[in-house]
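Remarks on the structure that follows.
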Amino acid sequence: MRIDNVEIIKDLARGAVLLGTGGGGDPYIGQLLLQQEVREGRSVEVISADSLADDALIVSVAGIGAPTVLVEHLQAKGICQQLLQKMEKQLGQRVDAIIPAEVGGLNSVIPLALGAQVGLPVVDGDGMGRAFPHIEMVTFSVYGNSACPMIIQNELGDTIVIEKASTNRKAEDIARVVAGSLGAMVYSALYPMSGKDAKNKAILGSISYCLEIGRGIRESRAQCTDPFEGLMSLLNRPDLDRYAKILFDGKIVDIQRETRDGWHFATVTMQGLEDSHDEFRLELQNEYLTAQRNGRTVCLVPDLIATLDRETAEPVTAEKLKYGQRLKVIGLSAAAMMRRPECLEVFGPRAFGLTEPFVPLEELSP
């Protein structure tokens with residue numbers, strides 16, 4: 001699959017916001033970078049992991065920080081190219097392909113823009129099939145890959161190399177402190193891995209899935225049909241172990257936000273349009289973690305929660321939510337790999353300090 005026109009980029013960005021589950025960073029800046037590459041005659045090839053040589057060198061490139069700060073730290077065009085060059089120098093080897101660490105939000109588009117800039121393919125996959133706030137919360141980490149060496153740089157060129165860390169969680173802790181000292185928004189090259197690792201440990205097909213979602217929303221709107229009807233039929237595929245539900249339809253009546261320790265924390269309260277006693281609450285740390293309706297959990301991490309404009313089905317990132325906004329909230333099951341016991345240990349509810357155990361979306365009442 002080749003990303004070579006503006007429409008496909010917009011579709012991909014739209015799907016990325018939905019899979020970002022409220023976080024992942026608004027992909028708009030990355031979208032503009034990628035569109036500029038296309039307008040200048042460059043494009044990027046998205047390849048299947050199966051096409052990789054087992055000994056190929058694959059690297060992730062991602063932003064680290066609070067999405068609320070992203071709009072204040074516009075990305076310099078050459079920053080990710082510099083990161084890639086520094087990673088190659090660190091490893092003493094040329095990089096063969098790029099793989100997103102996460103497919104949600106900004107971090108789905110940045111690797112594509114970089115691929116177009118330097119002429120490298122991007123693997124159709126990622127480490128979570130969504131967005132998460134911690135760098136260790138990827139399947140690469142669960143199945144034994146190190147995030148290090150990790151190279152971190154901000155838009156001013158300040159650079160830190162984490163050559164080694166005892167665990168990937170320790171690498172996250174170090175990176176978060178660095179990000180805070182560099183303005184709460186930095187970019188990184190991390191998780192160098194082999195082609196064999198990418199084949200066996202990534203969530204495969206996630207860029208294609210992202211594009212499919214964004215295109216489905218656009219086409220449903222163009223056909224003057226209910227965009228949610230088309231979207232839900234696309235997302236709810238039990239034959240593919242994919243489940244989706246509309247969890248709530250209402251308006252925002254309260255938002256409590258805090259940007260702290262390099263993350264965006266918030267509680268969002270909604271009410272039903274017809275019944276003010278019908279209450280819905282979202283809790284988030286960069287991304288939505290839980291959704292509760294009248295005190296009962298209806299969706300729980302690692303399953304995905306997304307907020308969409310109730311008229312257009314346009315996905316909305318959490319930092320753009322505001323009082324009075326009318327939204328539909330949907331739940332979407334995580335990729336099957338993400339629900340394995342060893343994965344839930346790393347990015348299930350308890351990893352975020354939540355006490356309730358994970359229950360799959362399809363087993364919860366909306």
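Summary table
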quantity: Among the candidates A291, A336, A313, A318, residue that is on the phi > 0 side of the Ramachandran plot, among the aliphatic types (A, V, I, L, M) and not assigned by TED's automatic domain parsing to the domain that holds D11; calculated: A313
quantity: Unmet requirement for N168, which otherwise passes all of (1) surrounded by fewer than 21 Cβ atoms within 10 Å (Cβ to Cβ); (2) in contact with a helix residue (DSSP H, G or I) (Cβ under 7 Å, 6 or more places away or on another chain); (3) assigned by TED's automatic domain parsing to the domain that holds P149; (4) of a type in the set (S, T, N, Q); calculated: (1)
quantity: Residue ID - modelled with the highest pLDDT, chosen from residues in segment 42-75 that are of a type in the set (S, T, Y) and assigned to a helix (DSSP H, G or I); calculated: S51
quantity: Set G115, G104: member being buried (at least 24 other Cβ atoms within 10 Å of the Cβ), of a type in the set (G, A, S) and modelled with pLDDT of 95 or more; calculated: G115
quantity: Residue match in segment 122-136 (condition: in contact with a strand residue (DSSP E or B) (Cβ under 7 Å, 6 or more places away or on another chain), assigned by TED's automatic domain parsing to the domain that holds G63 and part of a helix (DSSP H, G or I)); calculated: no
quantity: Qualifying residue in segment 330-347 (condition: crowded, with 21+ Cβ neighbours inside 10 Å, under 29 Å from Q223 (Cα atoms) and not aliphatic (A, V, I, L, M)); calculated: yes
quantity: Residues (crowded, with 23+ Cβ neighbours inside 10 Å and either within 21 Å of G24 (Cα to Cα) or not assigned by TED's automatic domain parsing to the domain that holds A334 (or both)) located in segment 270-288; calculated: L282, L284, N286, E287, Y288
quantity: Those residues of segment 138-163 which are modelled with pLDDT under 95 and part of a loop (DSSP other than H, G, I, E, B), in sequence order; calculated: N154, E155, L156, G157, D158
quantity: Residues being surrounded by fewer than 19 Cβ atoms within 10 Å (Cβ to Cβ) and either of a type in the set (K, R) or assigned to a loop (DSSP other than H, G, I, E, B) (or both) - total across segment 1-41; calculated: 8
quantity: I207 being surrounded by 22 or more Cβ atoms within 10 Å (Cβ to Cβ) and not acidic (D, E); calculated: yes
quantity: Considering residues of segment 119-159 that are out of contact with any helix residue (DSSP H, G or I) (no Cβ under 6 Å at 6 or more places or on another chain), aliphatic (A, V, I, L, M) and surrounded by fewer than 24 Cβ atoms within 10 Å (Cβ to Cβ) only, the residue farthest from M338 (Cα to Cα); calculated: L156
quantity: Residue check for G104: closer than 24 Å to G214 by Cα, under 21 Å from the mean Cα position of the chain (by Cα) and outside any helix (DSSP H, G or I); calculated: yes
quantity: Filtered residues of segment 219-229 (kept if surrounded by fewer than 18 Cβ atoms within 10 Å (Cβ to Cβ) and either assigned by TED's automatic domain parsing to the domain that holds M338 or of a type outside the set (A, V, I, L, M, F, W, C) (or both)); calculated: E219, R221, Q223, T225, D226, E229
quantity: Some residue of segment 79-88 being assigned to a helix (DSSP H, G or I), in contact with a Cys (Cβ under 7 Å, 6 or more places away or on another chain) and modelled with pLDDT of 95 or more; calculated: no
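The values are calculated or read from the model by the stated rules, or taken from the named source; none is laboratory data. Because the structure is predicted, anything quoted here is derived from the model rather than measured. Reconstructed Cβ throughout: ideal geometry from the backbone, glycine too, with neighbour counts over all protein chains shown.
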